[in-house]
Amino acid sequence: MANKSGNAYALTVLCPIRGGVQSHTAPLQQQLQTLQVNEQSPMAKVPNTYLCRFWVLSDVPYQGKPGFLDHLKSDYLVFSSNFYGELDPYLEGMWKALETGIRVILSHCVDGDSVSDAESFIEYIKRCKVATTFFFNGSTDEPLAQQLKNLYLKQEFSKFAFENQGKSASDLQAAFRAFVLRTQPDNLDGPTWAAGAYHLDKVVK
Amino acid sequence: MSNIAGKAYAMNAVTPMRWYTAWWNRLFFGIANLRPSTTAGLATLSLIHYARWVIIMPGQFPNLGKGQPRENVKYAYMIFFSNFNGSWNQYVDSFSSAIPRGLDLFWFGSIKYPKSVPVLPFHRYITSNQIWTDYYYNAYPMATSNDVKSAKRIKDALLPFIADSQRESPEEFLQKYNRLLINLQHDISQMGPNPVVSLSASAVERNLGKEREWREKN
Amino acid sequence: MTFEVTTGVDLDDIQGNVVKAYGRYGLIVARYVFFQINGPVGGRKFVGNILPLVTRGMPWSDSKIIPRVATNIGFTYEGLRHLDIPEVTLHGFPEAFSMGMKARREIIGDTGPSLYDYWDPIWNTPNDNKQHVHIMVTIDGKEEKDLEDRYQEIQRILADNPEVKQLTGHRGPSGGMYQPAAAILPTKDKLGFPGGKEHFGYSDGITTTFFEGCGEEENLVIGGGKPTGKDPRTAAGWAPLAAGEFLLGHPDEACEYPEAPGPSLFSLNGTFIAYRKLHQNVGSFNAYLDAQGAKFPDGKEALAAKFAGRWRNGAPLVSFPNEEGANKFIAEFAALQQKMWADSASSQEKERFAELSLQLLAFDYSNDTNGSRCPFGSHIRRTNPRSALEFGKTKAFDVPGALSNRRRILRRGLPYGQVDDPTSDNGEHGVIMLIVNADLSRQFEFVQQQWMNYGNDFGLANDPDPLLGNHENKEGRCDGGRMTIEGDAGTNKPPYFCDRIPTLVETRGGDYFFVPSLTCLRMIALGIIDPT
């Protein structure tokens, strides 16, 4: 099965949502739709998440005759994440960062109350996981911290190249040394781009 | 509710297929995994961060007991997830023109799939089977797939350059620096927010912004 | 003289401005006049009265049949609504057209200095929510007198028609009554290419977009059609584009009919034109070129060439990478051109002239995959990448032009105004651009948004087009626009960086017009459009 491409992992999870007289789907969807975005996103706290999404599968689509009409008996919370690394550490990182939020979401899901710690969370997710049939990686598979640092360096080096054009050799060399000191290319902790940031004046952390 | 996170667009499409065709598809995908040439067109298009196809056979919907009814669907279901740059409306033509046969192989067997050329029926088919994302997160909304790959090239060139250039004379440094620039000349562009992907999307953004302002004031 | 219809395109039914660049036929001055319809009966009467004046698309293969003046007509969405076109038909139009160009400003980048606040007054009214410009009538002629004669004919039609009003509010020398335009020529009465200039000094109107059945001379498929992957210097390297990219009711590059409102007779042979008045900041351009050109290693003309992708004299950079070669080429071309005009060229010279003419058009970027000749970000490489978006990986896509064949447009129009002070941005001078395409959002708007004001498809992140990009100071651009001019690994020449490029072109007005076939015009005039 093709869950991985290099070091990038494609996780697909379908969590069955509780049925019953009172809808669990509606409040769940509302919660998802009003989560904070960009650098305030809760997912920005989950290490190594490249791109992820949540949506609700309420029923399967009917194509019209001669197709048959199928129905799902439950709604499913679909969670799809592209991240760096192995599954267990990723899920552990997610639990550590978002335990409270996860509990709220899982309260709407079948057997969600069986989750009480990282271990039971990992186990729960594995029960809801479906295998990825084919995973296409059109990007890189470096750790997220490295990807963000790379982007920071691209942006800063682009500025450097423009600003230092035409300088004398010794001025250029001095400027470049200062650039290296400021941007610390080896240091993944900073300065770098903040996960999820979408404004130029907020992106560097 | 948004399919957009900065420069990335989240496409979710669910299509039914006969379970025996699904077996063929899984085999094909298995081969594709091993042959990079299959995806050469996709790679050259360079618009995609990550994409995946998930085929769920009729009995494979997760069932956790505790009273959850067993699913009884006739078809297998293929879920397509893609993170690409630009909107589906804007780029469907590019996909269909560039890799029509690839697309047809991926969706082979999906019930009433109309082939990727001509493009209007294909566009309608995917859109009618598209499910909107409730929440989309992108760790680098200001970067396209091209930008991410370009950034890696910059880092890969910059680190050894820095290591090499520790003890050079200014003139030697200048020469090496110019060669570095030539090497990276197509990577030296600055990133910023996305051009407006659609007027409805930016209207929603504005509305959310106004609502936030109102909530903060009241 | 009969014309054999060998394709499915009935040129007699198509308006002439769609299939012909009138400037090439010596119609080198123009007026663009706009009207408002205040009642459907009067509106239909106006259309009926203009109809006999409307120029068709039949080829002018003999110079004797070229008229002295041409007239064409188009309608905005509101214009069609005011003519009582049925609701069902109106709903069949795509949203880009029904919203109108002003409402699309965030997509096409008409913001900042191009915001409608700065447009000619004709485009703005106190009630700005609805389009009030309904009809565009274009008049193209050989001389001012020809324009004036036709214009007076139209005034007489108006005089009889209280329900149609001519809109005023154009800046410029016409007293606000119409938008004038005129080719800028080195000699007054002959237009050959690359003889026509625009206000930045570039030769313009060199390429022809060539589609199946367009009626143009066959040879113009070279460089004007879509690339086949074979040698671009020969006809084998090119094929005509599908007519449906530019005409409704004809198969397009996706092997189907483009989306169009019904009934089919309404849309068949019709198309859309984006009319845009583009002011040129000549002072800023010249100042920037002088200042950067002094620093750019190859000099000012080379810098101008790198921005555009052609030298200002018209020679394509990719075939003529240095100034000397470009000048020599154009000098020989111009000398032969004079002889052709004077009818004094020997048959050998005629052959040579044909060869040279081809060199202006017959190229692609496969011998320049690094951009060291023609930068990735230069204007013509952005607006018409040919097969460049394969990035050298031939056979990766279904066809070499897969990413550009559906983004082609036909360019019509002329420069307007004159530059009295080349150091100033002020004054009425620029280009009236008419962009013809079957699908405004897939073609014009896409190119404008993704290729002019953005750079991702070229691997250039957010970099905009140096000449047409909106360089207004906003998020993503500090102090104007930027461009990297590629160096050359072979000669160890480093790339050159241009920054602080000011906004050089600003929108000063315009809208989207439906340009119906002659059949449709007749039906509109009679009020018999019925989609039942």
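None of the figures in this text is laboratory data; all of them are computed from the coordinates on show. As the structure is a computational prediction, the values presented were derived from the model and not from experiment. Using ideal geometry, Cβ is built from the backbone for each residue, glycine included, and neighbour counts are taken over all protein chains shown.
So the values come out like this:
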item: Gyration tensor (alpha-carbon) shape descriptor, region C:1-120, a/c threshold 1.5; result: prolate
item: Distance between modelled label sites at C:Lys130 and B:Leu208, nm, 7 Å Cα→Cβ extension; result: 3.5
item: Largest to smallest principal axis extent of the C-alpha atoms in region C:252-315, angstrom; result: 59, 26, 17
item: R0 of 22 Å, Cβ-Cβ distance B:Asp164-C:Phe391: FRET efficiency to nearest 0.05; result: 0.15
item: Compactness of chain C - radius of gyration and Dmax, Cα, Å; result: 22.5, 72
item: In region A:90-205, lysine pairs closer than 19 Å at Cα, eight or more apart or cross-chain; result: 9
item: Over region C:59-108, volume per residue of the alpha carbon convex hull, in Å³; result: 159
item: Largest-first ellipsoid semi-axes for region B:4-128, taking √(5λ) over the Cα gyration tensor eigenvalues, angstrom; result: 26, 17, 15
item: Region A:142-205 - convex hull of the alpha-carbon atoms, volume per residue in Å³; result: 84
item: Rg to Rh quotient for region C:384-515, alpha carbon positions, Kirkwood Rh; result: 1.01
item: Average Cα contact separation per residue, chain C, under 8 Å, 6 or more apart, as relative contact order %; result: 22
item: Alpha-carbon centroid distance for the pair region B:67-102 / region A:89-129, whole angstrom; result: 27
item: Given charges at Cβ of Lys, Arg, Asp, Glu: chain B dipole, positive-most of B:Pro141, B:Met11, B:Asn194; result: B:Met11
item: Sequence of B:Arg124, C:Arg312 once ranked by neighbouring C-beta atoms within 10 Å, starting from the fewest; result: B:Arg124, C:Arg312
item: Of every Cα-Cα pair in chain A, the percent that sits beyond 28 Å; result: 43
item: Per-residue average of Cβ from other chains inside 10 Å of B:174-181; result: 5
item: Charged-residue dipole, Cβ positions (Lys, Arg, Asp, Glu), region A:4-130 about Cα centre, Debye nearest 20; result: 340
item: Equivalent ellipsoid semi-axes, region B:166-218, via Cα gyration tensor eigenvalues times 5, rooted, Å; result: 49, 16, 5
item: Cα shape, region A:43-154, gyration tensor, a/c 1.5 rule; result: oblate
item: Cα-centred dipole magnitude for region B:1-102, charges only on beta-carbon of K, R (+1) and D, E (-1), debye, nearest 20; result: 280
item: Convex hull of region C:388-449 built on C-alpha atoms - directionally averaged projected area, nm²; result: 6.5
item: Exposure proxy order (Cβ contacts within 10 Å, fewest to most) of C:Lys45, B:Lys66; result: B:Lys66, C:Lys45
item: Relative packing of peptides C:384-393, A:150-159 - highest average C-beta neighbours within 10 Å first; result: A:150-159, C:384-393
item: Which of B:Lys7, C:Lys493, C:Lys277 has the fewest Cβ neighbours within 10 Å, and the rest in rising order; result: C:Lys493, C:Lys277, B:Lys7
item: Degrees separating the helix C:144-159 axis from the principal Cα axis of chain C, which is the longest one; result: 30
item: Alpha carbon convex hull of the protein assembly as shown, projected area averaged over orientations, nm²; result: 42.0
item: Given charges at beta-carbon only (K, R positive; D, E negative), |dipole| of chain C in Debye; result: 420
item: Cα-based equivalent ellipsoid, region B:67-218: semi-axes from gyration tensor eigenvalues, Å; result: 43, 26, 17
item: Mean-position separation - Cα centroids, region C:32-84 and region B:114-183, in angstrom; result: 49
